[in-house]
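Engineer: Before we start, here is the structure in question, set down as structure tokens.
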Amino acid sequence: MPGIVSYKWKLTNLTNNTVQDVEIYNEWFTYLFNTRGDYKLTLELIDSNGNKNIISRNIISIVKESGSVIIMDKISCFLSTVIIHSSGMVFHS
């Protein structure tokens, strides 16, 4: 059974095109949001056989800088850091 050998996360601000995309090459994605907007998160996985899978979700809306955000299922939280594992688990502080 092939295992995952490559992780590539890409965060895109869909509201403000002056914000640069963020790319992270790790099993975990951690990011401190400091710009308002709606964000899309893409995860690209490559296994040991060279198979590639890409998943994208519009996952988060930042409604004010370093404050209130809305995550995935539109639950309001007061936080500024989101940590997402490739399994789909979400942690925040």
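Engineer: Restricting to the range 24-42, count the residues that are open to solvent by less than 50 Å² (accessible area, probe 1.4 Å) and either of a type in the set (A, V, I, L, M, F, W, C) or part of a strand (DSSP E or B) (or both).
Structural biologist: Number of matching residues: 8.
Engineer: Something else now. Tell me which residues, restricted to the range 10-23, are open to solvent by less than 40 Å² (accessible area, probe 1.4 Å) and more than 13 Å from residue 59 (Cα to Cα).
Structural biologist: Those that are open to solvent by less than 40 Å² (accessible area, probe 1.4 Å) and more than 13 Å from residue 59 (Cα to Cα): 19, 22.
Engineer: So, residue 45, is that one surrounded by 16 or more Cβ atoms within 10 Å (Cβ to Cβ) and modelled with pLDDT of 90 or more or not?
Structural biologist: Spelling it out, residue 45 is indeed surrounded by 16 or more Cβ atoms within 10 Å (Cβ to Cβ) and modelled with pLDDT of 90 or more.
Engineer: Restricting the search to the range 48-63, which residues are surrounded by fewer than 16 Cβ atoms within 10 Å (Cβ to Cβ), part of a strand (DSSP E or B) and free of Cβ contacts under 8 Å to residues at least 40 places away in the same chain?
Structural biologist: Within the range 48-63, 52, 53, 54, 55, 56, 57 meet the criteria.
The values are calculated or read from the model by the stated rules, or taken from the named source; none is laboratory data. Since the structure is predicted, the reported quantities are computational estimates derived from the model, not experimental observations. As a convention, Cβ positions derive from the backbone with ideal geometry for all residues, glycine included, and neighbour counts pool all protein chains shown. Ligands, DNA and RNA are stripped out before the accessible areas are found, and what is left, the full protein with its side chains, is counted by its heavy atoms. Shrake-Rupley method; radii C 1.70, N 1.55, O 1.52, S 1.80 Å.
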